[in-house]
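Student: Supplied in structure tokens, the structure appears directly below.
The values are calculated or read from the model by the stated rules, or taken from the named source; none is laboratory data. The model shown is predicted, which means the values in this text are computed figures rather than measured ones. Glycine also receives a Cβ, built like all others from the backbone with ideal geometry; neighbour counts cover every protein chain displayed. All accessible areas refer to the heavy atoms of the entire protein, side chains included, with ligands and DNA or RNA removed. Shrake-Rupley method; radii C 1.70, N 1.55, O 1.52, S 1.80 Å.
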Amino acid sequence: MELFATAIQEFGNNPNLDADMNLELKVLENNDTPCISVSENGTIGEDHNLDSNRTSDPLYLQEQLEIMKNQNDPIEINYLGKKEFIYYRDSDLLQKLTYYPVALILILGLFLGVIYLFFNSSKIADQNKLWTGMAKETAHQIGTPLSSLLGWVTILKTENINQEYVTEIEKDVDRLNIIANRFSKIGSLPSLEENNVVAVTSNIFNYLKSRSSKQVEFTFQSSTDEILVNVNTELYGWVIENLIKNAIDAMQGKGAVSVDINEDNYRIIVLISDTGKGIPKSKFSQVFRPGFTTKKRGWGLGLSLSKRIIEDYHKGKIFVKKSEINKGTTFEIQLDKA
């Protein structure tokens, strides 16, 4: 722009009409920077490289002049014995180029995000295959001694033994059979059938109650005796069992556990509460991540599996409803009614 201003000054002030002014003309012709000349008294003169369809509008010229004043200091020239000022701004191309690095960064970020998601999903898929394989192998390994135990229970029923003992052993064998079936269903889409979720929850609750410390107070409440929901009873029972066992562990075997079942027009709500050590609010979402655990002994898979069973298989919701340190925690399960 300094060369452009100098060319205007030299071209206007040269008295020799035969002088070679090719250099000045080339400078003037090759300038693509929008600019406006303004006289010493503020009158707008010639303009260059502005929208030719709008330069006849004084308001447009004034707007452009204000933009130029904000961007750059004017260049002063002496033209035909008068003082003028050349105001200028960045060219349209230069303005577009300023956004190119931002666009490039966004494109690069998007590309890196896609790569990350691809490798992350691939990693998760590999982990799921590993857990599925381990679960099915566990179910297979449990199957052999379980079959033997079923045979021994049948023999014990014929012997002169207190039948109450045999009944309790049979309950535990049935529980092992349920556990084996749970593991065998991991990785495959389970079948959902209409069941009374109150009865299913109550059965799990009573089983754990009978085999827990007497220092734990158990409370079960339901707004009604029957609520029909499409569930897989074995997998749903696994979730309830995980939550109750976690509650007992959080209280270190002493406290109170309660299960409350309510319903509205469209869904059922199962609340499982304890009086344990609680969970910090910052970790509400982390507790469902695979491997997250606060126990000295544990793999941190129980809540992760519970989330998958409720949300992926049953299309419901499971989350930490509330928790206070050293006061307790409440988990909430939501399922659509049948």
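Student: If you fit an axis through the alpha-carbon atoms of helix 58-71 and take the longest principal axis of the Cα set of the chain, what angle between them do you get, 0 to 90°, nearest 10?
Tutor: With both axes taken from Cα atoms, the answer is about 70 degrees.
Student: Return one whole number: the accessible area per residue of segment 154-312 in Å², for a 1.4 Å probe.
Tutor: Per-residue accessible area for segment 154-312 comes out at 56 Å².
Student: Given H placed on each backbone N at 1.01 Å, which residues far from residue 232 in sequence or on other chains put an amide H within less than 5 Å of it?
Tutor: Close amide H contacts, sequence-distant or interchain: 193.
Student: Let me ask another. In deg cm²/dmol, rounded to 500, what helix-only [θ] at 222 nm does the chain give when every DSSP H run of at least 4 residues adds -39500 (n - 2.57) and the total is split over its residues?
Tutor: -16500 deg cm²/dmol
Student: Now for a separate question. Any idea what the dipole of segment 10-133 comes to, in debye rounded to 20, about its Cα centre with Lys/Arg Cβ at +1 and Asp/Glu Cβ at -1?
Tutor: Its charge dipole is roughly 1100 debye.
Student: Among 306-315, 152-161, how do they line up from the highest to the lowest mean number of other beta-carbon atoms within 10 Å?
Tutor: 306-315, 152-161
Student: Then there's this: Which trypsin sites (Lys or Arg not before Pro) does segment 180-269 hold that lie in a coil by DSSP with at most 11 other beta carbons within 10 Å?
Tutor: 211, 214
Student: Search the structure for amide H atoms under 5 Å from the amide H of residue 255, placed 1.01 Å from N in the peptide plane, and list their residues when 5 or more places away or on another chain.
Tutor: 216, 217
Student: Further question: So if I place +1 on the C-beta of Lys and Arg and -1 on the C-beta of Asp and Glu, and nothing else carries charge, what would the dipole magnitude of the chain be about its Cα centre? I want it in debye, nearest 20.
Tutor: That gives a dipole near 3040 debye.
Student: If you roll a 1.4 angstrom probe over the protein chains with everything in place, what fraction of the accessible area of the chain belongs to carbon and sulfur, to the nearest %?
Tutor: The C+S portion of the solvent-accessible surface of the chain is 54 percent.
Student: Sticking with this one: Contact order normalised by length for the chain, with contacts defined as Cα pairs under 8 Å and 6 or more residues apart; what percent is it?
Tutor: The value is 11 percent.
Student: On average, how much accessible surface per residue is there in segment 37-97, in Å², for a 1.4 Å probe, leaving out ligands, DNA and RNA?
Tutor: Result: 67 Å² per residue.
Student: Restricting attention to segment 32-96, which trypsin sites (Lys or Arg not before Pro) occupy a DSSP loop and are surrounded by at most 14 other Cβ atoms within 10 Å?
Tutor: Filter output for segment 32-96: 54.
Student: Continuing with the same structure: Taking the Cα centre of segment 197-300 as the origin, how large is its charge dipole in debye, to the nearest 20, when only Lys and Arg (+1) and Asp and Glu (-1) carry charge on their Cβ atoms?
Tutor: About 860 debye.
Student: Further question on the same structure: Could you tell me which of rounded, prolate or oblate describes the chain, using a ≥ b ≥ c as the square roots of the eigenvalues of the alpha-carbon gyration tensor, with rounded for a/c under 1.5 and, failing that, prolate when a/b is larger than b/c and oblate otherwise?
Tutor: The shape class here is prolate.
Student: Here is the link list: 123/281; 254/321; 254/327; 283/327. Which ones come out longer than 18 Å on Cα distance?
Tutor: With Cα atoms farther than 18 Å apart: 123/281; 254/321.
Student: Kindly identify segment 1-52 as rounded, prolate or oblate by the Cα gyration tensor criterion: order the square roots of the eigenvalues as a ≥ b ≥ c, call it rounded if a/c is under 1.5, otherwise compare a/b with b/c, prolate if a/b is larger, else oblate.
Tutor: oblate
Student: If you don't mind, there's one more thing I want to ask. Rounded if a/c is under 1.5, else prolate if a/b beats b/c, else oblate: with a ≥ b ≥ c from the C-alpha gyration tensor eigenvalues square-rooted, which is segment 194-318?
Tutor: The shape class here is oblate.
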